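The values are calculated or read from the model by the stated rules, or taken from the named source; none is laboratory data. Because the structure is a prediction, the values reported are computed rather than measured. Note that we place each Cβ from the backbone using ideal geometry, even for glycine, and neighbour counts take in every protein chain shown. The accessibility values were calculated without ligands, DNA or RNA, using every heavy atom of the protein model including side chains. Shrake-Rupley method; radii C 1.70, N 1.55, O 1.52, S 1.80 Å.
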Amino acid sequence: MLNIAIRAARNAGEIIQRAAENVNHLTINLKTKNDYVTEVDQMAEQEIINIIHSSFPEHGFLAEESGKQPGNDYIWIIDPLDGTTNFLHGFPVYAISIALQHKNKLQLAVIYDPLRDELFTAERGGGAMLNNRKIRVTQPNSLKGTLIGTGFPFKSKKDLAAYLKMFAALVGDTAGIRRAGAAALDLAYVASGRLDGFWEIGLQPWDMAAGILLIQEAGGVLTDFSFKDRYLQSGNIIAGSPKIHQLMYKAIEPHLTDNLK
Ligand code: 2AM
Ligand code: CA
């Protein structure tokens, strides 16, 4: 199943990179650009679903562009292009994210960065890899010197106010905070030790699913803002090594509004 997922991700990567060559030359208005990107997203997603479906016709899907397709106990959670806004601007941070859930448990994860040809993979109980090398989360003793990833809440003004307080609580204690714009890659970077931690409000399941398993298999910890594991439902997530996760939670917790708990 992992090999099929990798093939699907690489093929989608080819579609996206072919489109990227044109996106830089486009001098059309934003509306048309957005439609173009939607087309790229849809083509990449269809490629992924076709490849998986032809090997596993019974499996279900939850994909960003085409939504839910019912199946048996296996569900593939797919973001064909995470970081669409980046892609549209030629900002070189985007990826394909594919995860497989069995009876609500994540079983395998693939995140592929087609620009850098970096393939992050994980299987439950089998560890996490970057291009076939084992990866681990970092183990700092404090926030001092850490590099933390995040995303801005772009939907609700109310969440933005709470978010900015969290940001203020963390920024001074770390070496820096980065907002690169592709949550799946951020999570893969936590798993591979490029980031020491990550938090965001209001993500979608397809932004997170593969990254969650990657971090767990790389020795990291994830929770929602209630210190529970309902992040796929709430979209709110804190991730890092056990120690960094705990320190981030402590900094974030005082700023939680009722709708975030
Ligand atoms: P997407 O490109 O697949 O939609 C970062 O905050 C995450 O939120 C990204 O993974 C991005 O995934 C998603 N997102 C959705 N809409 C967004 C928007 N308007 N601005 C920024 N990120 C957005
Ligand atoms: Ca997307």
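List of remarks:
- Antiparallel bridges, percent of DSSP beta bridges restricted to the stretch 97-201 (to nearest 5): 75
- Solvent exposure of the stretch 2-134 as accessible area per residue, Å², 1.4 Å probe: 50
- Ligands, DNA and RNA left out, the 1.4 Å accessible surface of the chain is 50% carbon and sulfur atoms.
- Average accessible surface area per residue within the stretch 147-260, 1.4 Å rolling probe, Å²: 38
- Annotation: aspartates and glutamates with alpha-carbon distance below 19 angstrom to residue 165 (same-chain offsets under eight excluded): 173, 200, 224, 253, 258.
- For the stretch 111-217, trypsin sites (Lys or Arg not before Pro) are listed when DSSP marks them as loop and at most 15 other Cβ atoms sit within 10 Å of their Cβ; the list is 116, 124, 136, 144, 155, 179.
- If only the Cβ of Lys and Arg carry +1 and only the Cβ of Asp and Glu carry -1, the dipole of the chain around its Cα centre is close to 800 debye.
- Shape category assigned to the stretch 1-76 from the gyration tensor of Cα positions, a/c cut at 1.5: oblate
- Degrees between helix 205-217 axis and first principal axis of the chain (Cα, 0 to 90, nearest 10): 70
- As a calculated quantity, the FRET efficiency between residue 18 and residue 54 at R0 = 25 Å, using C-beta atoms, amounts to about 0.70.
- Cα gyration tensor shape for the stretch 145-197, rounded if a/c is under 1.5, else prolate or oblate: oblate
- Rounded to the nearest 20 debye, the dipole magnitude of the stretch 147-260 is 240 debye, with +1 charges on Lys and Arg beta carbons, -1 on Asp and Glu beta carbons, and the Cα centre as origin.
- For the stretch 88-156, the list of chymotrypsin sites (Phe, Trp or Tyr not before Pro) that fall in a loop by DSSP and count at most 16 other C-beta atoms within 10 angstrom reads 154.
- Computed over the chain: relative contact order in percent, which uses C-alpha pairs under 8 Å that are six or more apart: 17
- Selection from 211, 237, 38 lying farthest towards where the dipole of the chain points positive, charges on Cβ: 237
- Among 160, 95, 126 - extreme Cα towards positive end, dipole of the chain, charges at beta-carbon: 160
- Dividing the summed helix terms, -39500 (n - 2.57) for each DSSP H run of n ≥ 4, by the number of residues in the chain produces a 222 nm estimate of -13000 deg cm²/dmol to the nearest 500.
- Antiparallel bridges, percent of DSSP beta bridges restricted to the chain (to nearest 5): 80
- Cα gyration tensor, the stretch 147-260 - rounded (a/c under 1.5), prolate or oblate: rounded
- Anchor residue 68: lysines whose Cα lies under 30 Å away (excluding residues fewer than 8 positions away in-chain): 31, 33, 103, 105, 155, 157, 158, 228, 261
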